[in-house]
Amino acid sequence: MAGKGRGIAAFTFNLEALGITRGSMPEAQRGPTPLFPQIEYKPGPLKAGEEEDYMRALKQEMRGRMKDLPFNIKPHSGKRDVERYKDKYTSAIKKIEDGDWTPDWNSLPKELKPQRKIIKKKTDLKKLKEMSKKDKEDLLSKLDELEKRGDDKSDEEDEAKVEKKGDGEEDEIEGELEEEEVEEDNDYIASYFEDGDDFGAGSDDNIDEATY
Amino acid sequence: MTAQEERLCGLLLQEHFGEVVEKVGTHLLCNGNLNLRALVHETKLPLDLVKKSVCVLVQQGMCTFCTGRRGPGAPVEYQICGEKVLHMLRYPRYIYTAKSLYGDTGELIVEEILQRGQMTMSNTVSTVADRLTHNMPEGQCMDYSEVVTAFSRLVETHFLQRSAPMTPAGSSTSGGADSNPPSVTEPIQPETNPDCYKLPYINISGKGKRTRSDDGDAEQSTAKKAKTDNSESGDEGIYWQVNFERFHLHFRDQAIISAVASKLDQTSSEIVRTMLRMSEVTTPANAAFTQALSANEIFRSLPSTYNIARPILDQYLTLLVDDPVCLHIYSQIHATSFLMTVCVHLCSLVGLCHYLAMLCVRFGSRSARIFRLLLRKRHLEQKQVEDFAMVPAKEAKDMLYKLLSENLVQLQEIPKTPDHAPSRTFYLYTVNQLPTARLLLQHCYKTVGNLIERRLYETKENKQTSEKSMIITKIGISCSTTGRSPLSYTKVCVWSTCPKTLQVFVCSLHLVKLMSVNNCIDNCNRVLFSHGSSNARACRLK
């Protein structure tokens, strides 16, 4: 041990005891192993025969058929910039494919079923609100006027009149309010359904048919 | 799931169901249980596509879902079963097995169900009958009842089973809450269903035949429509799926039979076949032994064509029982009868043969000899290996180290003194079977993955030339059928120059080779897998 200098491997035991002699050390490796290393032994022959051929043909056929089945889901093709002639036919084919398979929804979680799109009534709420605001202002101004006038005239008569008028107006307002409420209800439901449907792009492509 | 398996699953999914399903499937594989929202968010795919993909995966039986894992009211979570995805590799083998057992009808039934994941009986019967009729010569057609009998025979032998009724979310959680508080609706195993192998009554038999001449598409489509309109056949909602376990058992039995045939002789293999067949439905799938059978029973159910007399059968049975090396057929003297059970772990032996063969191929027969030696003697020192294997010391060392570096052989240190000094330590080489089998299995998966990728690459590279050659052959066919002058055909043929045709030929040859390698490896795969699982089971039993 002491006689050995620096840089020389200093084992505490005799290397020969492990059966390693000077010549039997493997060569140092330079660089990574090649991607396709040399094969020492030739691989055995492939199994051949009718059975194998048949199975291979089956595999090929199966692969081809699976491509045409409705289970092979194609990604959405991006929105086209120009309408093409073949689009008509591709969409027709797609419709046929979609109609080919309907999963049994009873055995699947509800959330997987494509939601039916609720057809929203197109109503301009803002306009309506503005309108009603205007009406209210009109009404108020009218009432003010009536008040001023009412000072002069006998109370009871006028009151009846105002009430009559007011009633009429109120009826109108109420009618409007009701309409608004209806609209709001509608809006609420729509947005509720949207909730599950809205995240992720392309959800608009959910056709109302629950089939694909 | 290891990385190799995941990669292979991805490739298979893509090949069969397209990119979208592949993306969803691999994401599920990598991440375990996920709910729909997370899935959509993480895959960054449109919601409807994700929904469709999950539907496809559930339909194919590869994906299961459960509710309420994280308390009541939690969203439905989906998980994918990688093993089932890997079964896709073996679809042709299942189909071929069905063909060899039940003929063309069985083949088509299994093929249709494999392609669609699960189908109702009536649907299967009508589709298969249509396909068979289509292939028959004009004027003949397939009777529905024949298909029904084939179907029922497949069910009787448990090759087909009802798919487990998936309880839709919500409805079941309320019911289960009373019995057990955590109320997790786990996916149900099909075997728990008592009606698993019970055929429903379908009134499809009355319809009998259906002619489907290929006159025109219009007629076909109207016929189809008519068929779908009155498809109230009484078995809606009862879906059938392929029982993969049963197929694997069948493969295992075949392996045992062939092993016996090569070890002993044809007659004894026939006896073993009879024994296995007698107990194939009655023995549970994961049992270590088949049911006990008496020699009388075996004699009675031997096919009469073999002409084995009773004394000869007894002789064969004693031979099988006495065989020291390979056959683990146990006999018990039970009362008066002779009870025989076939040890199903025999397949571990077949597995061993497989990896010995693999070793032979990869490292040469002498390395395989060392490996076999280690298997038999369990623990050996290096010196002993050199002596027993009858290989020159230097070469033996080389091979041993190579095996060690490939992890096929393990090294165990047993120090004589506590200081672990190498000179005072035994170095014992051993073979650890189960890890080795797993290792080889992973190698196989990697190889299959590589093969698929290579095939995709080859087809992509040679797409143009192969398409061209296809067009040319098509033109040739149309020329010959329409009787046009062959001049135009020769003109067309000029397109394809000699090197091009050669290229196409070489390419197709490559593809054929790749696919057959694929099949071979799959065979190996299967054996290794069943070996691994049976060994694991044995370990658990111990």
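Considering the stretch A:54-112, and only residues there that are out of contact with any Ser or Thr (no Cβ under 8 Å at 6 or more places or on another chain) and small (Gly, Ala, Ser), the residue that is modelled with the highest pLDDT turns out to be A:Gly64. Can you say whether B:Arg455 is assigned to a helix (DSSP H, G or I), open to solvent by less than 50 Å² (accessible area, probe 1.4 Å) and of a type in the set (D, E, K, R), as far as the supplied structure shows? Here the answer is yes, as B:Arg455 does meet what is asked. Pairs meeting the criteria (first residue in the stretch B:25-52 and within 23 Å of A:Thr102 (Cα to Cα), second residue among the hydroxyl-bearing types (Ser, Thr, Tyr) and in a helix (DSSP H, G or I), beta carbons under 6 Å, at least 6 apart or on different chains) are B:Leu47/A:Ser203.
In the set (1) free of Cβ contacts under 8 Å to residues at least 40 places away in the same chain; (2) over 24 Å from the mean Cα position of the chain (by Cα); (3) away from chain A (no Cβ under 14 Å); (4) part of a helix (DSSP H, G or I), B:Val148 fails one condition alone, (1). Sub-8 Å Cβ pairs linking a first residue in the stretch A:41-70 that is more than 8 Å from every other protein chain (Cβ to nearest Cβ) to a second residue that is modelled with pLDDT under 80 and open to solvent by 80 Å² or more (accessible area, probe 1.4 Å), at least 6 apart or interchain, are A:Pro70/A:Asp100, ordered by first then second residue.
Counting only helices (runs of 4 or more DSSP H) that sit completely within the stretch B:1-102, those holding 2 or more residues that are open to solvent by 30 Å² or more (accessible area, probe 1.4 Å) correspond to B:3-17, B:19-31, B:36-43, B:82-86. For the stretch B:291-314, the set of residues classified as surrounded by fewer than 13 Cβ atoms within 10 Å (Cβ to Cβ) and under 10 Å from B:Met275 (Cα atoms) consists of B:Ser301 only. Residue check: A:Phe13 meets all listed conditions (1) under 30 Å from B:Glu15 (Cβ atoms); (2) modelled with pLDDT under 75 but one, namely (1). Somewhere in the stretch B:6-25, is a residue in contact with a Gly (Cβ under 8 Å, 6 or more places away or on another chain) and β-branched (Val, Ile, Thr)? Taking every residue of the stretch B:6-25 in turn, none turns out to be in contact with a Gly (Cβ under 8 Å, 6 or more places away or on another chain) and β-branched (Val, Ile, Thr). Just name the residue that is least open to solvent (accessible area, probe 1.4 Å) out of those in the stretch B:375-405 that are more than 16 Å from B:Ser365 (Cα to Cα) and not in a helix (DSSP H, G or I). Top of the filtered list is B:Leu380.
Within the set of pairs 6 or more residues apart or between chains, which connect a residue that is closer than 19 Å to B:Glu236 by Cβ inside the stretch B:112-134 to a residue that is among the polar types (S, T, N, Q) and part of a helix (DSSP H, G or I) with Cβ atoms less than 8 Å apart? Note: pairs meeting the criteria are B:Glu112/B:Thr124; B:Glu112/B:Thr127; B:Ile113/B:Thr124; B:Arg116/B:Gln59; B:Gly117/B:Gln59; B:Gln118/B:Gln59; B:Met119/B:Thr127; B:Val128/B:Thr105.
So that you can scan it fast, the table gives a plain yes or no per residue for (1) within 14 Å of chain A (Cβ to nearest Cβ); (2) among the aromatic types (Phe, Trp, Tyr); (3) touching a His at 6+ places or on another chain (Cβ under 9 Å):
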residue: B:Lys377; (1), (2), (3): no, no, no
residue: B:Gln382; (1), (2), (3): yes, no, no
residue: B:Lys397; (1), (2), (3): yes, no, no
residue: B:Leu400; (1), (2), (3): yes, no, no
residue: B:Leu403; (1), (2), (3): yes, no, no
residue: B:Glu406; (1), (2), (3): yes, no, no
residue: B:Glu413; (1), (2), (3): yes, no, yes
residue: B:Tyr429; (1), (2), (3): yes, yes, yes
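The values are calculated or read from the model by the stated rules, or taken from the named source; none is laboratory data. These figures come from a predicted structure and were not determined experimentally. Glycine also receives a Cβ, built like all others from the backbone with ideal geometry; neighbour counts cover every protein chain displayed. Surface areas here come from the heavy atoms of the whole protein model, side chains and all, with no ligands, DNA or RNA. Shrake-Rupley method; radii C 1.70, N 1.55, O 1.52, S 1.80 Å.
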